[in-house]
Structure formats: structure tokens, C-alpha cells
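Before any comments, here is the structure.
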Amino acid sequence: MHRRTLLAAGGLAAPLVMQHAALGADPIKVVGIHDASGGLDIYGKPMIACLDFAVEEINAAGGLIGRPLAVTNYDPQSNIQLYTQFATQAATKDKAAVVHAGITSASREAIRPVLKRYNTLYFYNTQYEGGVCDRNAFCTGSTPAQNVSRLVPHVMKKWGKKVYILAADYNYGQITSKWVTKFTRENGGEVVGLDFFPLDVTNFGPAIQKIQAAKPDIVMSVLVGGAHISFYRQWAAAGMKSRIPMVSTTLGGGNESLVLSPEEGDGIICAFSYFQEVDTPANKAFLAKFKAKLGASTPYLGGELAMRSYVGVNLWAEGVRRAKSIDRMKVIEALESGVSFAGPPGLTTLDPKTHHTTVDVFIAEVKNKGFQVLETFPQSPPSDTQSVCDLQKEPNASKQVVVDIKT
Amino acid sequence: MDAILATGIQALTGIASLLLVSLGLAIVFGMMRVINLAHGEFLMLGAYSAILAVEAGVNLWVAMLVVAPVCVGLLGAVVERLVIRRLYGRMVDTMLATWGLSLALIGAVTMAFGNSVAGFSAPLGSVQIGAYSTSGYGLFLIGATVVLLLAVWMVLRFTPVGLIARGTMQNAGMAAALGVPTERVYALSFAAGAAVSGLAGALMAPFSGVVPTMGTAYIAKCFITVITGGAAMLAGTATAAGLLGSVNTIGTFAFTPVLGEVLMLGVAIVLLRLLPQGITGRFFRRAL
């Protein structure tokens, strides 16, 4: 596997290096670690495509500080152990200038300490449960104060006050379900049930029965990965879809909306800081270029995960341009000077205190294997992490603060 | 009332799934004493054959009920001829060989179809039970399991083929002395076990995602069910599946899916401590 990835990466990098031979400079090493296989490949494959695309764009524009970028993608195969292995390799062997990596929060927490220890700059580019406070890490996706806080009142206004939560059984699901509980209560609602499922669970029969017994107005899915897609299938097969409406903090992060048939998926409401269907000139221009580059193998981008990888690379690039160096501390300081990137999802601004981002948030509904954007909330700050983390006061912090929610 | 009925159906679905995935192993291990560690991969191949057939435009029911068992049955015949036949009576060697086979099959399928999740939606829509609605496919699964169990039982109990098979398993030497081609009986039994596994894998496919490694999720449960069942292949597997499946479902309802699995394994361990020969070591000893 390893050798194959290297060969592929070498093959990819070779023409870039030749193209910029005139610059006569060593390429800057960018490493990506995302699952291209296994249960999480539905998220990983589009993320890799967007990462590669961002790097190619930068190279086509002449690279960074006179040097081309060379990207190496590792496939940890949805296996946490391989994440730490590849992160170590990226830091020690590849001597990467930056590592863009991680999909699940479990994988992020596996590699974040490794990259911190080896002083290798780290970008985590997906929506997650918030609270990471680490000067070496930049989290460019949206967090519950940005997405769940919009999603919950939106659907409660529409459908009612009783919410039943189904969540994946690891840090993302555990913490996000707390956020859902918090926002439900703040809006005068009630959580009537909460179930956790390991990532490999495929039989949701008993859960569907329990939901029917609890008679909620809304089902909130915080389920993650390929195995959990069978929940949406079984939910529709049990005839429940027309009876209890569903919301999700995760659906659409990958290609779920494509895998599900319209009968199974239509009407599910989600919130992300990007949807492929976002109707702006910048997004249209991006999609046209993206499609022209990738042709028939263009992945569907769905929610924000893939787009945030594109934004993450561009934010990092802006930091390097400002620092005029790839030295880690210089880049971090440059990124903390108030970097922003106006891209397909709108304006993304890095918050110097938390290393999180202020983004536009969209609420959308699954429709005919895609999404239809219903509402936009421009420039939402990462207020959850901001309430617990200040890296300017505590530059040596390396933790994930779990926001205390009274349950 | 509705709630009890709905929960009952859910428990029956749990039992049926357990019985379904274990039946092929019961034939191979219970009858022939061959420890087939590639059993999970036979299930996986059944699911993949059904998916491929559906994608090629074959009717869903034909794909699940005909294509999958035929494909995996044929594969079973080949495996028996090439591997298992050389290792009868050498239990540890068989384990090693079939474990290798299991790894090779996972690797081959990963190479051919990629390590990603495939699947198709459950047919048959939903069924209303009072205030509850449940998937019609779950009910079909229960029915299919009962029919399959009855079919295997009737073949073994009432047909000359079944009589010869049972005789060969009891005393191969004597059967051979009476002119039974025991080698062919073994080969057919193994292929039949594989076919049943393929059918089970295809029937489970709409419920679970289909990945090359899906067999590993089932193999432990299958062995526990068959071993807890004990010597009487069909009665044992059926009672063990009934017991363990109910414990699992009740645990899932009362607590969480994780605790449901833990409780099931706990019950299996306690049972084997009390009844080391399995359930049918003490009860239903004369059953099949």
C-alpha cells in the first residue's frame, strides 16, 4: 500500500516539478492523510480530490514563495493505527511543511499529539464537535455553535419540540449529542431519547422500534460512516420516513445523499458551512473548473468536508505567502495575523485566538440525491470554542476542551 | 399490546438472522466436524454475488435466492476438492487452511471491488402493527429462515440422500463398506453448507452494508451459536439461536446495542460452563 501511494504521489508530483524546474527550487511537501478505503471512504475520497485540486491550482499559479508544492496522500484505510503511523512518517520522513489530515474526531485526536510532538503544522478540515485548543492545529470546519445552533431551532420551529437523538459512539457523537441537547433545551424543547451506536452497527431494528415508542416530533441523526447508512435505509423500509421527520448533523458530509434513493433520503435537513448547491458565482466558477479538471471522475461534494479541505489548503497557502517562509512558527504567526479566504463557500476568516474559522452556514434539505439550500447564516463565529479557548493567553495549550453542558 | 408484538417481531428477526448466518456452519461444522474459518467469507461472497447480479439487471429475488447460493455452492465444491478433502480429521490443519482461505478471499474481493461499502435497499416496504410499523423485509427474513430450516431438516430426515449423509457422518467406514461413495457425500455436504451460507449472506445484504470484511462481524457469532447448540445440528443451532438472539434483542431494547452483544456473549459463556457439550448435549439429544 505504502509503496503504491508513494509511486502514485511520485507520478503526480513529477510533472509539477518539471513544470516548475525553471524556478529551480525544492518542492514544498504537503501531506494528506484521509481514508480512501474502508467505512469512511465516503468522506475521504472527495476530501482527497479537493486537496489535490487546491494544490494543483496553487502550482498552476506559480507555487508558493517561488517553490512548487508536492502533495503526498496516504490512505489509512479507516484504521486509527495507520493514522498515527502515517502522521509520524509525514513528520519524520517526509518532513512535511503541513499535514492536512483526519476525518473522524478519533483520528484527529490520534494524530494531533504526534504532529505537535514533531513540530509539524496540522490542518483539520471537517466539521466536528468543537473545543480543540492547540496552537499547532488549525480547524477550518464548522462546529456545533455554528451548525447545530442553527439546525435545531430551524427544525423545531417546523416540526415540534420533542427530539430523539441517535449518535455514533465515539467522541464526535458523544459531544455533539450534548450540544444537540443543549440547543434543544434552550429553544424550549425536550430530548425524549438518546442512543449511541458503535461505527460497525448495521442493525437498527430495535432502535427504530424504540423511537416509535417514544413518539418524538423529530429524529436527530449524529450517525457516521458507511455502516450507519443502513439506518436511513431501514428507517425508510419501516415506513417511518413519512411519519417522523429527520435532521442530521452528518448526512451529506460524504456521498450519503447519493447512495440513498430519493425515497430514502428526500426531506432530511442538514446544516453545513458549504453545500455543492450553494448558489454563488464563486461556487459556480469553482465547480466548473473542478469538473473540467477531473472529468468523469468528479466526486459529488455534498456538505462541507471536501470543500473545507480546499479552503484549508488555501488558508495555509495565504499564511505561507504572508510569512514568506515555510518555517512552522512563522507560518502560525502569519495565520494568526487575521488571514481570510474568499472561496466557493463564501468568506472564511481564521480566528487568531482559537485557530477556528468564522464561516457562512447553510441549512439545506436532501432533494433528489442532492441538496436544496433553505437558509443562509452569514459569518457565524466559532463561539463554542471561543468560550473555552484563548491561544494568545495560553500559547502552549494542547487539549480538547469539552464544553460543560448540564444534562 | 402493539409494543409487545412489535418487540416480539424484532426479537424474532434477531433470532432468524442469527440462525440464518449459522446454518451453513452448522452443516459444515456440526455434521462434518470441519472448522471452517472461511464461513464468514462465504456469507460475504453470497452478498457480493447478489449485488453483482442485481447490478447486471437480474431480478432482485432471483439474485438473492438463486444466484447467490449457486455461486457460493460451486465455490464450496471447488474449495472442498482443493483444500478440505486433503485435511479430513486433521482439525488444527483445517483451521489453519480455512483461515488462510478467509484472508485470501477478503484480499481478493478487496482487490476486485475495493474496500468500500456497497448494498441495496430492502424490498417489500413496510407493515403496520397497531401503532408501530416495521419493515416487511424483516418478516420475510423470519419466514425464509423457517422455510430453510424445515427444508434442511426434511432432506436429512426423509430423503435417501439425507439418510446416506447422516450415516456417513456417523460412521464413514461402515458406510463405505455398504457401498456408499463417502468422498462424494463429504463433497456434497460441504457444497450444500457453502450454498446455505451464500444464501444467508445475500438475504442479510439489504440489512447490513456489504464490505469485503463483513464476514468477520459474523464469524464469531456463528461459531458461538453452533457450539452452544451442541451435537444435534439443527435442533441445537435453532435453540441456541433462539436463546442468544432473544438475549441480544432484549439487551438492545433495555440498554444499548453494545450491552446487547455483551449480554449475548456472557450468556453463551455461562451456558458452555454449565453444559460443556452444548444445549443438545443434555436436552433434545435424539433430535437432528
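Would you pick out the residues in the stretch A:230-246 that are polar (S, T, N, Q) and more than 9 Å from every other protein chain (Cβ to nearest Cβ)? Reasoning before the result, please.
Kept after step one, since they are polar (S, T, N, Q), are these residues of the stretch A:230-246: A:230, A:234, A:242.
Matches in the stretch A:230-246: A:242 only.
Out of all the residues in the stretch B:182-224, which are β-branched (Val, Ile, Thr) and either within 14 Å of chain A (Cβ to nearest Cβ) or farther than 30 Å from residue A:236 by Cβ (or both)?
Initial filter on the stretch B:182-224 (β-branched (Val, Ile, Thr)): B:182, B:185, B:196, B:210-211, B:213, B:216, B:219, B:224.
Listed by number, the residues that qualify are B:182, B:185, B:210, B:211, B:213, B:216, B:219, B:224.
Considering each of A:213, A:227, A:207 in turn, give the residue that is without any contact (Cβ under 8 Å) to a residue 24 or more places away in the chain and facing chain B (nearest Cβ under 10 Å). Talk me through it step by step, then tell me what you get.
Details: A:227 fails: without any contact (Cβ under 8 Å) to a residue 24 or more places away in the chain; A:207 fails: without any contact (Cβ under 8 Å) to a residue 24 or more places away in the chain.
One residue alone meets the criteria, A:213.
Any idea which of A:163, A:191, A:180 is among the β-branched types (Val, Ile, Thr), in contact (Cβ under 8 Å) with a residue 24 or more places away in the chain, open to solvent by 10 Å² or more (accessible area, probe 1.4 Å) and away from chain B (no Cβ under 14 Å)?
Numbers: A:163 fails: open to solvent by 10 Å² or more (accessible area, probe 1.4 Å); A:180 fails: open to solvent by 10 Å² or more (accessible area, probe 1.4 Å).
After ruling out the rest, the residue left standing is A:191.
Hey, among B:130, B:162, B:167, B:173, which residue is at pLDDT below 90 and within 14 Å of another protein chain (Cβ to nearest Cβ)? Walk me through how you get there before you give the answer.
Working: B:162 fails: within 14 Å of another protein chain (Cβ to nearest Cβ); B:167 fails: within 14 Å of another protein chain (Cβ to nearest Cβ); B:173 fails: within 14 Å of another protein chain (Cβ to nearest Cβ).
It is B:130.
Need the failing condition index for residue A:385 against (1) outside any helix (DSSP H, G or I); (2) within 27 Å of residue A:280 (Cβ to Cβ); (3) of a type in the set (Val, Ile, Thr), just the number.
Failed condition: (1).
Report, by residue number, each residue of the stretch B:274-288 that is over 15 Å from residue B:244 (Cβ atoms) and out of contact with any helix residue (DSSP H, G or I) (no Cβ under 6 Å at 6 or more places or on another chain). Write out each step before concluding.
Going residue by residue through the stretch B:274-288, those that are over 15 Å from residue B:244 (Cβ atoms) are B:276-277, B:281-288.
Matches in the stretch B:274-288: B:276, B:277, B:281, B:282, B:283, B:285, B:286.
Please determine, by comparing only the residues of the stretch A:247-261 that are of a type in the set (A, V, I, L, M, F, W, C) and crowded, with 23+ Cβ neighbours inside 10 Å, which one is nearest to the other protein chains (Cβ to nearest Cβ).
Applying the first criterion (of a type in the set (A, V, I, L, M, F, W, C)) to the stretch A:247-261 yields A:247, A:251, A:258-260.
Subsequent filtering for residues that are crowded, with 23+ Cβ neighbours inside 10 Å retains A:247, A:251.
Values: A:247: 20, A:251: 15 Å.
Step by step, filter the stretch A:247-261, then rank; the result is A:251.
Would you check which residues across the stretch A:345-375 are β-branched (Val, Ile, Thr), assigned to a strand (DSSP E or B) and closer than 18 Å to residue A:143 by Cβ and list them? Break it down stepwise before answering.
Step one: list which residues in the stretch A:345-375 are β-branched (Val, Ile, Thr), which gives A:348-349, A:354, A:357-359, A:361, A:363, A:366, A:373.
Still in the running and assigned to a strand (DSSP E or B): A:348-349, A:357-359, A:361, A:363, A:366, A:373.
Residues satisfying the conditions are A:348, A:349, A:357, A:358, A:359, A:361, A:363.
Out of A:381, A:345, A:352, A:395, I need the residue that is open to solvent by 10 Å² or more (accessible area, probe 1.4 Å) and within 17 Å of the chain's Cα centre (by Cα). Which one? Before the answer, list the steps.
Numbers: A:345 fails: open to solvent by 10 Å² or more (accessible area, probe 1.4 Å); A:352 fails: within 17 Å of the chain's Cα centre (by Cα); A:395 fails: within 17 Å of the chain's Cα centre (by Cα).
Result of the check over A:381, A:345, A:352, A:395: A:381.
Mind counting the residues in the stretch A:262-297 that are open to solvent by 40 Å² or more (accessible area, probe 1.4 Å) and not in a helix (DSSP H, G or I)?
Total satisfying the criteria: 5.
Sort out which residues of the stretch A:325-342 are under 23 Å from residue A:281 (Cβ atoms) and open to solvent by 60 Å² or more (accessible area, probe 1.4 Å), and write them in order of number. Even if it seems obvious, please write down each step before you answer.
First pass over the stretch A:325-342, keeping only residues under 23 Å from residue A:281 (Cβ atoms): A:339-342.
Within the stretch A:325-342, A:342 is the sole residue that qualifies.
Conditions: (1) more than 8 Å from chain B (Cβ to nearest Cβ); (2) assigned to a loop (DSSP other than H, G, I, E, B). Residue A:201 meets all but one. Number of the miss?
In the conditions (1) more than 8 Å from chain B (Cβ to nearest Cβ); (2) assigned to a loop (DSSP other than H, G, I, E, B), residue A:201 misses (1) alone.
Report yes if residue A:171 is at positive phi, open to solvent by 10 Å² or more (accessible area, probe 1.4 Å) and in contact with a helix residue (DSSP H, G or I) (Cβ under 8 Å, 6 or more places away or on another chain), otherwise no. Step through it out loud before you land on a result.
Values: at positive phi: no; open to solvent by 10 Å² or more (accessible area, probe 1.4 Å): yes; in contact with a helix residue (DSSP H, G or I) (Cβ under 8 Å, 6 or more places away or on another chain): yes.
The answer is no for residue A:171.
The values are calculated or read from the model by the stated rules, or taken from the named source; none is laboratory data. Just so it is clear, the structure is predicted and the values come from calculations on it, not from any experiment. Don't worry about glycine lacking a Cβ; one is built from the backbone with ideal geometry, like all the others, and counts go over all protein chains shown. Calculation scope for accessible area: heavy atoms of the full protein, side chains included, ligands and nucleic acids excluded. Shrake-Rupley method; radii C 1.70, N 1.55, O 1.52, S 1.80 Å.
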